[in-house]
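Coordinate-derived values only; no laboratory data. Computed from a predicted model, the values in this text were never measured in an experiment. Backbone-built Cβ (ideal geometry, glycine too); neighbour counts: all protein chains shown.
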Amino acid sequence: MTDIDVSGSDEPIGQLSIGPTRVKMAPGNVCDATWDALGCVYDPELCLDVVSLGLVYDVRDEEGTVVVEMTLTTPGCPASETLPEMARAAVEAAVGSAAGVDVRVVWDPPWSPAMMHDEAATALGFRGR
């Protein structure tokens, strides 16, 4: 990263690094940090985040371990191995190494398009609820 030059010069003052933002929240906010992190995990086929797709059912702190219950669009989803791992890695990056992370794939209730946020449903061509 570099400082921003406010002198008006067009000359570069250093390398600019642009990439995903990782915000570490205070330990008391691990659930909020987890939701924020999961909002940055994108389904590779649908190109929408797992939160707006309605794939995340629950986030809770169980005795210092962040537990995420999520599902997939179908049991045969091609991202069935990678998406939960992507979610785990995003949460670990957000909450730090002090908290354990347990991502559980659940199938009850089964996912349906009605679980998507309105913006996601519109992006995929579904009518709003």
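Figures for the structure shown
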{"read-out": "Rounded FRET efficiency, nearest 0.05, which uses the C-beta distance separating THR122 from TYR57 and R0 of 22 Å", "value": "0.50"}
{"read-out": "Per-residue HN-Hα couplings for region 107-115 [Karplus 6.51, -1.76, 1.60; θ = phi - 60°; Hz; x = Gly/Pro]", "value": "10, 10, x, x, 5, 9, x, 5, 7"}
{"read-out": "For GLU119, GLU63, GLU92, order by how many other beta-carbon atoms lie within 10 Å, fewest first", "value": "GLU63, GLU119, GLU92"}
{"read-out": "Sorted by Cβ neighbour density within 10 Å, fewest at the top, the residues TRP111, TRP35", "value": "TRP35, TRP111"}
{"read-out": "Net charge over other residues, Cβ less than 14 angstrom from the Cβ of THR65 (K, R count +1; D, E count -1)", "value": "-4"}
{"read-out": "Around ASP108: net Lys/Arg minus Asp/Glu count, Cβ-Cβ under 15 Å", "value": "-1"}
{"read-out": "Estimated FRET transfer efficiency when R0 is 25 angstrom, pair SER80-SER112 (beta carbons, to 0.05)", "value": "0.90"}
{"read-out": "Long-range HN-HN contacts of VAL66 with modeled amide H, under 5 Å", "value": "GLY100, VAL101, ASP102"}
